[in-house]
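The values are calculated or read from the model by the stated rules, or taken from the named source; none is laboratory data. Because the structure is predicted, anything quoted here is derived from the model rather than measured. Neighbour counts are summed over all protein chains in view; Cβ atoms, including those assigned to glycine, are modelled from backbone coordinates with ideal geometry.
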Amino acid sequence: MPVRSPYPHRFPSAPAGGVVAQLILLALLTATTGLGPAGWVAGVVYAVAVGITLRSALRRRGRRSLGPADHVTLTRATLTGCVTALVVDTVRAPAPIGLLVTITAVALILDAVDGQVARRTGTVSSLGARFDMEVDAFLILVLSVFVATSLGAWVLVIGAMRYAFVVASRPLPWLKAPLPPRMTRKTVAALQGIILMVVAADVLPRPVGAVATGLALAVLVWSFGRDIMWLYRHRDATRVEPRPRGVRLQPTDVLYRVDISA
């Protein structure tokens, strides 16, 4: 008979470990790049927010730990915290482009790993999908903020679109319905991060970078528009019922979108 832990509400180790790892990486950035107070504040606030949110999500689902793929996603989340700190710190000094792009590249590469790990280990879950999506969305938001400083505020639309969709889903609950899986949706999502990273690297002439970013935005608008139209046409057949109080989500429940490109 398994022994019940005497500390059922103890802070889960993985979220706490993520916060500690974030602090260590911020210290390394300070030692190597001279990360300033603004970057530190942004990094710490981000790490604490991720830790608290992840802890809450684990408790709501009755889980005590993360799966193998979730640990990969947590690593990506920590790298995203570093990118956030570097971008915010540009209020003090120019960002170290090489380091920023390298960290972003590793985070984007790991984005192709966590899904494979989940499928191969049989640990696919609604929590993992949501966690993966939120990390992707926030990384793209931060990159769009950075690129907007050189190309213009219009680039922010790329990073804001996923969050605008969430806001719109409150008065329009049919937007919360699950979508049929499409590989094009995943491809469009990956494309945003790749193009923003390349433009951030400043290896392209500015006009070329602007055109590439504009094309990425156009494809993103098309992807969102296509899926919004699908949800609208099927709004009666895909109605999302409110979850009764006290009922926990099961791993097979799909209540949220799992791709930032909609």
Could you tell me which of the residues Arg55, Arg120, Arg59 is among the basic types (Lys, Arg) and under 17 Å from the mean Cα position of the chain (by Cα)? Arg55
Test of understanding: among Arg170, Arg182, Arg119, which residue is surrounded by fewer than 17 Cβ atoms within 10 Å (Cβ to Cβ), without any contact (Cβ under 8 Å) to a residue 60 or more places away in the chain and assigned by TED's automatic domain parsing to the domain that holds Ala47? Arg119
Given the condition among the β-branched types (Val, Ile, Thr), within 24 Å of Gly214 (Cα to Cα), in contact with an Asp or Glu (Cβ under 8 Å, 6 or more places away or on another chain) and surrounded by fewer than 22 Cβ atoms within 10 Å (Cβ to Cβ), answer yes or no: does some residue in the range 92-100 qualify? yes
Give me the residue from the range 47-78 that is in contact with a Ser or Thr (Cβ under 9 Å, 6 or more places away or on another chain) and assigned to a helix (DSSP H, G or I) and, out of that set, farthest from Ala27 (Cα to Cα). Leu58
Filtered residues of the range 187-212 (kept if on the phi < 0 side of the Ramachandran plot and outside any helix (DSSP H, G or I)): Ala201, Val203, Leu204, Pro205
Restricting to the range 192-223, what's the tally of residues that are buried (at least 17 other Cβ atoms within 10 Å of the Cβ) and within 30 Å of Ser126 (Cα to Cα)? 10
Could you check, for the range 79-91, whether at least one of its residues is part of a helix (DSSP H, G or I) and exposed (fewer than 15 other Cβ atoms within 10 Å of the Cβ)? yes
